[in-house]
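**Q** Mind looking over this structure? Questions follow.
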Amino acid sequence: MKIVRAVFVVLLFGVIGLGLGTVLYIYKQWQLPSPLKEPILLEIPKGYGTGQVARLLQKANVIESARSFKWWCTFNSGKAHFKTGWYIVPTGQSFGEIAALLSSGKTATVRVTIPEGRATWEVAGILANSQLKLDSVALDGLMRNKAFVDSLGVKAKDLEGYLLPDTYDFPYGTDERAAIKVLVRANLKLRDELQAQNSPVWNELGDWHRILTMASVVEEETGLPQERYLVAGVFMNRFRIGMPLGADPTVRFIFRNLTGPIYKSQLASDSPYNTRRFAGLMPGPISNPGRLAIEAVLSPEKTEYLFFVAKDDGTREHFFGKNLAEHNRYKDIAAKNRGER
């Protein structure tokens, strides 16, 4: 009987010791920093429970033991409410820090800058070449899909002009539709902000679409902040007297010929976008203008100038003239600056 009791005691203490050892091991696992060697991008799929997340973390080498992490979550249930999304997991994180990150909803983002004055197909290329890794063909198709355009509250045949240039932080995993919506919503938010300022030009041009159309011409004709309001003043003067805007970028837009020479055959195009031949505004924007170009159109400089020509002296500035004689004189100076005469 004494032997049985002794064996029982030994077994009891053995079980207790094993249990304590297991608890101590698990506790130490909770305290150990992640074995991760460098930060990784990790996706928590929709509907994943604690066990699935734990196994995912172990497979990605974020933690050593899925079981230990699951136990931690059980004992800290109030701190483990994992949210779907992509996360950048740093190195050296404890279980608590990992759980806090995956429960925060602060998912990884991709920063993308859309420069001013890019056409829709160029914006599609920028998004496709970013870490978002979107499909440029799908983007371009959506930007010209009338049903999709209508669904965004845009009254136009496509989204040319409605993709507001700016720097955006897109959630990692953003798809083509969602990315476009972000740009368009920013544009329409700016519309509402500027409309509240009651610029007389708004009524003069008629609506947001025509304002963007004029702003896209201003955007393409000068990249210098100090000239934008003056260039806008010139184009508004031409518009008011029924004089063709005479902007070469509108011809380039017709042929997607954004660089290089413009040919006489192109200048003779009967497209309504050809402002070298036809007076008034084009049917729509020729690029996506930025905020500064739009504001310049709504507050153009009051001027008597009707002409301008690039100085071609390396400054990127323009000569401005009130009449054709002045304009021709400046054109001669520009030609000399280029070494042509």
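**Q** Hey, if we sort LEU212, LEU230 by accessible area with the 1.4 Å probe, largest down, what's the order?
**A** LEU230, LEU212
**Q** Compute, for the chain, the length of the dipole vector about the Cα centre, with Cβ point charges of +1 (Lys, Arg) and -1 (Asp, Glu) only. Units Debye, rounded to 20.
**A** Roughly 1320 debye, rounded to the nearest 20.
**Q** GNM on the chain, C-alpha springs below 10 Å: top fluctuator among VAL231, VAL110, VAL184?
**A** Fluctuation is largest for VAL110.
**Q** Further question on the same structure: Wrap a convex hull around the Cα atoms of the chain, take a quarter of its surface area, and give that in square nanometres.
**A** 25.1 nm²
**Q** Further question: Pairs of alpha-carbon atoms within less than 8 angstrom and 6+ residues apart define the contacts here; what relative contact order does the chain have, in percent?
**A** Contact order relative to length: 13 percent.
**Q** When you have a sec, figure out the Kirkwood radius of the stretch 128-210 from all distinct Cα pair distances and drop it here in Å to one decimal? Before the final figure, lay out each step's value.
**A** Numbers: mean 1/r = 0.0718 Å⁻¹.
This gives a value of 13.9 Å.
**Q** Which entries of LYS146/LYS181; LYS157/LYS302; LYS59/LYS83 show an alpha-carbon separation above 21 angstrom in the structure shown?
**A** Values: LYS146/LYS181 14 Å; LYS157/LYS302 33 Å; LYS59/LYS83 19 Å.
Beyond 21 Å: LYS157/LYS302.
**Q** Here's something else I'd like to know. Report, to the nearest whole %, how much of the accessible area of the chain belongs to carbon and sulfur atoms, 1.4 Å probe, protein only.
**A** 54 percent
**Q** Rg and Dmax of the stretch 50-163 over Cα atoms: what are they, in angstrom?
**A** Both quantities, over Cα of the stretch 50-163: 20.6, 57 Å.
**Q** Among MET236, PRO171, GLY51, whose Cα lies farthest out toward the positive end of the dipole of the chain, if unit charges sit on the beta carbon of Lys, Arg (+1) and Asp, Glu (-1)?
**A** GLY51
**Q** In the chain, with Lys and Arg counted as +1 and Asp and Glu as -1 at Cβ, which of these residues, PRO289, LEU139, ALA247, has the Cα nearest the positive end of the dipole, that is, farthest along it?
**A** Value: LEU139.
**Q** Find the all-direction average of the projected area of the Cα convex hull for the stretch 270-341, expressing the result in square nanometres with one decimal place.
**A** 6.7 nm²
**Q** What size of dipole, in debye to the nearest 20, comes out for the stretch 116-274 about its Cα centre when the only charges are +1 on Lys and Arg C-beta atoms and -1 on Asp and Glu C-beta atoms?
**A** I would put it at about 300 debye.
**Q** Accessible area per residue for the chain in Å², computed with a 1.4 Å probe and the full protein assembly in place, what is it? Please report the intermediate quantities before stating the final value.
**A** Details: 18560 Å² over 341 residues.
Per-residue accessible area for the chain comes out at 54 Å².
**Q** When only the heavy atoms of the protein chains count and the probe is 1.4 Å, how do THR120, THR303, THR315, THR84 rank by accessible area, highest first? The partial results should precede the final answer.
**A** Numbers: THR120 0, THR303 30, THR315 60, THR84 80 Å².
Highest to lowest solvent-accessible surface, that is THR84, THR315, THR303, THR120.
**Q** With contacts defined as alpha carbon pairs under 8 Å and 6 or more residues apart, what's the relative contact order of the stretch 200-341 in percent?
**A** 28 percent
**Q** Using the Cα gyration tensor of the stretch 287-326, with a ≥ b ≥ c the square roots of its eigenvalues, what is the shape: rounded (a/c below 1.5), prolate (a/b larger than b/c) or oblate (neither)?
**A** Details: a/c = 2.79, a/b = 1.37, b/c = 2.03.
Since a/c reaches 1.5 but b/c is at least a/b, the shape of the stretch 287-326 is classed as oblate.
**Q** Mind jotting down the distance between the C-alpha centroids of the stretch 121-146 and the stretch 162-217, whole Å?
**A** 18 Å
The values are calculated or read from the model by the stated rules, or taken from the named source; none is laboratory data. Only a predicted model underlies this, so the values are computations on that prediction, with no experimental measurement involved. A quick note on method: Cβ atoms are made from the backbone with ideal geometry, for glycine too, and the neighbour counts reach across all protein chains shown. Surface areas here come from the heavy atoms of the whole protein model, side chains and all, with no ligands, DNA or RNA. Shrake-Rupley method; radii C 1.70, N 1.55, O 1.52, S 1.80 Å.
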